[in-house]
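*Asks:* Could you have a look at this structure, given as structure tokens, before my questions?
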Amino acid sequence: MMKRFIFAAVIFLGVVLVPLFCFAASCDSESYYITFTLDGTAYECNYGATDVNEVAFGNVISGEGQIIFIGGASSYGASTEEPDVGIMIMLNGTTTGTYVYGSHAMIMIFADGVGYELVSGSVILTVAGEAGSGTYEGTFSGVVMDEGENSLNLSNGSFRVQRLADNTYFPDL
């Protein structure tokens, strides 16, 4: 009888408690990313520019009332360099909500040596955490175009980036 009880207890621990523990631990881990699909090809940008921040990041540019997010598929040097694969998202506003292409949202993507810019679509900012310790989170989709006016579908866009202190990074556009 005692062996059955021990066996049942071990099964209970293995089936119920271990997955709960693993789920709780994964919720606490810090993971920063900007992911998207460009005409069927998926990209994941987890890195920042090494001269600003090691992981994908965002910050408010106070004087402009804008938020900017940066992510690269691999670590790259100065923020003035273009990564092999990377993305920059700018929003004219600093609170959660929907930002539509045009006067409120801009997305620039660098993929395999080609630059693309958003020509229609939107960004939905769902989390705007505390400066210096929080995150920015949300989704985006639309259509991007290169200089040759070739358009690509931008889908499955999502981000969770580290929020730096305000005015940490100013893009050179």
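*Asks:* Output the number of residues of segment 36-54 satisfying the condition of being buried (at least 18 other Cβ atoms within 10 Å of the Cβ) and within 10 Å of the chain's Cα centre (by Cα).
*Replies:* Qualifying residue count, segment 36-54: 4.
*Asks:* Which of (1) within 17 Å of the chain's Cα centre (by Cα); (2) on the phi < 0 side of the Ramachandran plot does Gly97 not meet, given it meets every other one?
*Replies:* Just one mismatch for Gly97, condition (2).
*Asks:* When both residues are 6+ apart or on different chains and their Cβ atoms are under 8 Å apart, which pairs have a first residue that lies in segment 112-129 and is assigned by TED's automatic domain parsing to the domain that holds Cys45 and closer than 12 Å to Asn150 by Cβ, and a second that is of a type outside the set (A, V, I, L, M, F, W, C) and assigned to a strand (DSSP E or B)?
*Replies:* Once the first residue is assigned by TED's automatic domain parsing to the domain that holds Cys45 and closer than 12 Å to Asn150 by Cβ and sits in segment 112-129, its partners that are of a type outside the set (A, V, I, L, M, F, W, C) and assigned to a strand (DSSP E or B) give Val119/Tyr101; Val119/Gly142; Val119/Ser151.
*Asks:* Identify, by number, the condition in (1) farther than 17 Å from Gly71 by Cα; (2) touching a residue at least 60 places away in the same chain (Cβ under 8 Å); (3) not aromatic (Phe, Trp, Tyr) that Arg160 doesn't meet.
*Replies:* (1)
*Asks:* Assuming Gly129 fulfils every condition listed in (1) more than 16 Å from the chain's Cα centre (by Cα); (2) farther than 17 Å from Phe36 by Cα apart from one, which condition is it?
*Replies:* Of everything listed in (1) more than 16 Å from the chain's Cα centre (by Cα); (2) farther than 17 Å from Phe36 by Cα, Gly129 misses just condition (1).
The values are calculated or read from the model by the stated rules, or taken from the named source; none is laboratory data. Computed from a predicted model, the values in this text were never measured in an experiment. No Cβ is skipped: glycine too gets one built from the backbone with ideal geometry, and neighbour counts run over all protein chains shown.
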